[in-house]
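We did not get these values from a lab; they are worked out from the coordinates using the rules stated. Just so we're clear, the structure is a prediction, and the values are computed from it rather than from any experiment.
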Amino acid sequence: MFQLIVKVEGRVIDKFVCETEVTTIGRERTNDVVIENISVSRTHVQIREDQDKYIVSDLGSTNGTFLNDARLLNSEIKDGDVLKLGKVELEFQKEEKSETFVFDIDKTVMTRPADQAPQEDQSHRRFMASINAQVFHMTSCEWKQGISEFRRVYYSTREEEIAAGKRPCKLCNP
């Protein structure tokens, strides 16, 4: 089992836990991990388990696949490695990690699951969208309630959203 932390421009936008022996990644809905970004090919890359290691293979993608900034066709991937598919980065983690805080006062240990990472202050952002959607909303729009925190991408201006290939919500009409 491994997980992929999806990042765009350094911001975490999604997390996928993968439990199958072969995992395909791409834009097309038939993939195990779907990333709706124009820089990602329909079927971009495959990660397969081979005994106690994982092998990543480019599947003839248009923009190529990079492992720790080196172009790859077929290579072993290790915990902490970063795959780059177009503009999208995928951090490979062999097991789910949790943050641990130890307080010396009484040796209390607090843990936080990886999917409950601290939230960045987005109060200055006026618009938001899901990474997988084609529509963007004002942060006050009621439709945004259905988008999980890990899928939200925030923008300061309407122009940023349009440049990202998204169109305005018909309800809030930003």
Point to revise | P(r) tail fraction, the stretch 1-93 - alpha-carbon pairs more than 22 Å apart, % | key: 14
Study note, to complete from the structure: With 0.36 nm assigned to each residue of separation and the Cα-Cα distance removed, Ile38 to Glu76 gains 11.1 nm
